[in-house]
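Heads up: the structure comes next, in structure tokens.
The values are calculated or read from the model by the stated rules, or taken from the named source; none is laboratory data. Everything quoted here is computed from the prediction, not taken from an experiment. FYI the Cβ positions are ideal-geometry reconstructions off the backbone, even for glycines, and counts take in every protein chain you see.
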Amino acid sequence: MRASWGVRSQWRCGAGLGAWLLWLCLAAVSCASVPEVPSRGGPRWLRLTSEHFVLLTDAPDARARQTSVRLERQLHALCELSFRCRGQLQLSLRVIALSDREQFERAFGAAHGGVAHPDVLFEPLVVLTEGAASESLSTLNRMIAVHLAARGLGPLPRWLEHGIGAYFESAHYESDATFVVGAVPRRHAQWLRTHPRVPVAQLLDPQARLADPESIAPSAWLLVHYLMSERSSDFAAFQDAVASGKDLSASFHEAFGDLSPERLDGLLDRYAQAGNYLSQSQRIATPDSAPQIEALSDADVYELRAELGALCLDCDADRAREVDEDLERALASDPRHLRAALLRAQRATTPSAEQLARAEQLTREHPDAALAYLQLARLRDRTEHRQRCAPELLARLESLAPDNAHALSLRARCEQREGRHAAALALSERALARAPTDPGFTLAHAELLHAQHACAELARLLERIRSGTHDAQQTARLERCETPSGADQAQKTTAERP
């Protein structure tokens with residue numbers, strides 16, 4: 001697949017009674033925010049599986065089918081119009097679509113229209129409000145676009161990741177089956193009218209630490225929109241150079257040699273003031289999509305509720321207790337419910353011998369479930385067992401989850417420990433291709449390169465990931481990769497010796 005965004009289309013409530021009523025209203029709101037499970041009168045939940053998505057929703061059957069088709073339709077159109085996907089598209093995305101906006105806000109607040117998480121039980125997850133809400137569509141578009149771009153270009157620098165995500169977040173179909181990309185996201189345009197834009201030199205600098213992180217997306221959107229609209233051929237050349245593995249800064253300079261940061265700042269200011277933002281459009285046939293449909297059990301619904309609670313933003317101890325209670329209800333309803341058992345295990349702070357024994361038991365109870373073997377492999381990798389590769393476990397992962405990024409990365413680390421370096425790098429590269437936007441896999445690949453003293457390739461990769469957002473643990477891993485290994489240091493000392 002080659003990521004390229006060239007133009008192939010047209011541009012264009014008596015006091016006592018009141019208190020009683022108020023109590024009833026609050027009780028009703030509370031109950032409405034947490035609907036009952038299906039067997040107790042709650043909505044029927046469905047799982048709809050299509051080529052690239054697993055949709056879980058409490059919407060009625062007809063709307064659920066429409067949403068499933070819509071997911072595939074958006075992906076197909078982005079591939080056709082903008083990314084020119086080639087061959088089989090390695091994307092399998094789990095999506096929870098809530099029909100009640102209040103359920104969404106209970107977990108994530110009113111400021112968000114959708115939430116994307118790169119890793120929930122070994123899979124990426126998007127949580128949306130079911131229907132045609134533009135905010136939810138924006139979340140989906142951003143995740144898909146950045147995934148497709150990173151598939152073609154490799155790990156993206158911060159400005160390009162935010163810029164691509166913002167450029168494509170407004171992608172939509174119009175009534176005549178015309179698909180449009182590049183329309184102005186209102187929130188970015190409004191932000192730029194009331195806040196100073198991040199200067200280009202800072203935006204392109206991988207070491208820059210911006211005082212206001214919210215300034216990145218609108219500023220990067222403006223830069224990408226300008227380059228897409230005014231310098232499309234040069235932008236395509238930049239993409240080709242990056243896709244070939246060339247240095248990012250050198251590729252940018254070669255493609256835009258006449259644009260110093262200062263000159264580009266002036267051009268962006270005039271571009272924003274003019275407000276004549278071009279968009280691309282093309283009539284795209286809707287692909288055939290007939291998802292497989294099955295109803296969820298009570299245990300499935302309890303577990304999904306726990307997943308949402310575990311992802312809750314700024315939640316307190318009471319919410320954490322509710323998550324644990326939902327998991328207990330799921331396992332009481334179905335003692336063999338794998339996802340509930342795994343989520344409960346992953347909520348434990350540190351791996352233990354008891355957890356490892358339970359993980360081994362789960363593989364015996366679910367001999368054909370890839371998730372059970374992934375959990376066991378992850379626990380072994382985080383305990384004293386990490387130095388001992390289990391051939392039978394690796395064989396099961398290869399059989400049950402041949403294309404899962406976690407399975408590939410775990411197998412890669414084991415191959416590295418066994419001294420099979422070429423096999424380790426090949427598996428790690430496949431993991432990156434499956435999850436190109438997850439920094440964990442990028443860092444794991446950098447660690448392999450560091451261990452194998454592949455200095456030139458490591459330097460190119462580190463340049464790509466330095467400007468990304470990392471937590472404290474990921475930052476420590478990055479710093480270790482940037483420190484020369486003993487062999488590298490000895491080689492350098494020998495070279496410098498007169």
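Tell me, yes or no, whether the range 173-196 has at least one residue that is surrounded by 20 or more Cβ atoms within 10 Å (Cβ to Cβ), aromatic (Phe, Trp, Tyr) and part of a helix (DSSP H, G or I).
no
When residues of the range 307-340 are filtered for being within 24 Å of the chain's Cα centre (by Cα), at pLDDT 95 or above and of a type in the set (Gly, Ala, Ser), how many remain?
Counting residues in the range 307-340 that are within 24 Å of the chain's Cα centre (by Cα), at pLDDT 95 or above and of a type in the set (Gly, Ala, Ser) gives 1.
What's the number of the only condition in (1) farther than 30 Å from residue 60 by Cα; (2) part of a strand (DSSP E or B) that residue 278 fails to meet?
Only one criterion is unmet by residue 278, namely (2).
Of the residues 352, 399, which is over 20 Å from the mean Cα position of the chain (by Cα) and at pLDDT below 90? Walk me through how you get there before you give the answer.
Details: 399 fails: at pLDDT below 90.
Checking each option against the conditions leaves just 352.
Run down 272, 236, 250 and say which single residue is assigned to a helix (DSSP H, G or I), in contact with a Gly (Cβ under 6 Å, 6 or more places away or on another chain) and modelled with pLDDT under 95. Let's see the steps before the verdict.
Details: 272 fails: in contact with a Gly (Cβ under 6 Å, 6 or more places away or on another chain); 250 fails: in contact with a Gly (Cβ under 6 Å, 6 or more places away or on another chain).
Going through 272, 236, 250 in turn, the sole match is 236.
Among the acidic types (Asp, Glu) and not in a helix (DSSP H, G or I) - does that describe any residue in the range 75-96? Full working, then the answer.
Just the residues of the range 75-96 that are among the acidic types (Asp, Glu), to begin with: 80.
Remaining after also requiring not in a helix (DSSP H, G or I): none.
Taking every residue of the range 75-96 in turn, none turns out to be among the acidic types (Asp, Glu) and not in a helix (DSSP H, G or I).
Just to check your reading of the model, which residue among 58, 100 is under 27 Å from residue 371 (Cα atoms) and of a type in the set (Asp, Glu)? Outline the logic, then answer.
Values: 100 fails: under 27 Å from residue 371 (Cα atoms).
Going through 58, 100 in turn, the sole match is 58.
Kindly indicate whether any position in the range 210-222 is in the same structural domain as residue 187 (by TED's automatic domain parsing), of a type in the set (Asp, Glu) and either closer than 22 Å to residue 142 by Cα or touching a strand residue (DSSP E or B) at 6+ places or on another chain (Cβ under 9 Å) (or both).
Here is the first cut: in the range 210-222, the ones in the same structural domain as residue 187 (by TED's automatic domain parsing) are 210-222.
Add one more test, that the residue is of a type in the set (Asp, Glu), and what stays is 212, 214.
After this cut, where a residue has to be either closer than 22 Å to residue 142 by Cα or touching a strand residue (DSSP E or B) at 6+ places or on another chain (Cβ under 9 Å) (or both) as well, the list is 212, 214.
Yes, the range 210-222 has at least one match.
Which ones in the range 407-423 are in a helix (DSSP H, G or I) and surrounded by fewer than 23 Cβ atoms within 10 Å (Cβ to Cβ)? Lay out the reasoning, then the answer.
Start the filter on the range 407-423 by keeping residues that are in a helix (DSSP H, G or I), which leaves 407-417, 421-423.
Of everything in the range 407-423, those that are in a helix (DSSP H, G or I) and surrounded by fewer than 23 Cβ atoms within 10 Å (Cβ to Cβ) turn out to be 413, 415, 416, 417, 421, 422, 423.
Within the range 56-74, how many residues turn out to be assigned to a helix (DSSP H, G or I) and either among the small types (Gly, Ala, Ser) or touching a strand residue (DSSP E or B) at 6+ places or on another chain (Cβ under 6 Å) (or both)? Let's see the steps before the verdict.
Start the filter on the range 56-74 by keeping residues that are assigned to a helix (DSSP H, G or I), which leaves 61-74.
Those still in the list that are either among the small types (Gly, Ala, Ser) or touching a strand residue (DSSP E or B) at 6+ places or on another chain (Cβ under 6 Å) (or both) too: 62, 64, 67-68, 71.
Qualifying residue count, the range 56-74: 5.
Limited to the range 195-219, what total is found for residues that are within 18 Å of residue 184 (Cβ to Cβ) and small (Gly, Ala, Ser)?
Total satisfying the criteria: 3.
Taking the stated definitions as given, is residue 458 of a type in the set (A, V, I, L, M), at pLDDT below 90 and assigned to a helix (DSSP H, G or I)?
Yes; evaluated as a whole, the condition is true for this residue.
If you take the residues of the range 97-135 that are in a helix (DSSP H, G or I) and closer than 23 Å to residue 185 by Cβ, which of them is modelled with the lowest pLDDT? Steps first, answer last, please.
Quick first cut of the range 97-135, residues in a helix (DSSP H, G or I) only: 101-108, 134-135.
Within this subset, residues satisfying the condition of being closer than 23 Å to residue 185 by Cβ are 101, 104-105, 108, 134-135.
On the way: 101: 83, 104: 85, 105: 84, 108: 84, 134: 61, 135: 69.
Within the range 97-135, the match that is modelled with the lowest pLDDT is 134.
Is the range 296-311 home to any residue that is farther than 22 Å from residue 98 by Cβ and among the aliphatic types (A, V, I, L, M)? So that I can check it myself, show each step before the final result.
Of the range 296-311, the ones farther than 22 Å from residue 98 by Cβ are none.
Looking through the range 296-311, none of the residues is farther than 22 Å from residue 98 by Cβ and among the aliphatic types (A, V, I, L, M).
Give the residues of the range 91-115 that are closer than 24 Å to residue 347 by Cα, among the small types (Gly, Ala, Ser) and surrounded by fewer than 19 Cβ atoms within 10 Å (Cβ to Cβ), sorted by residue number.
109
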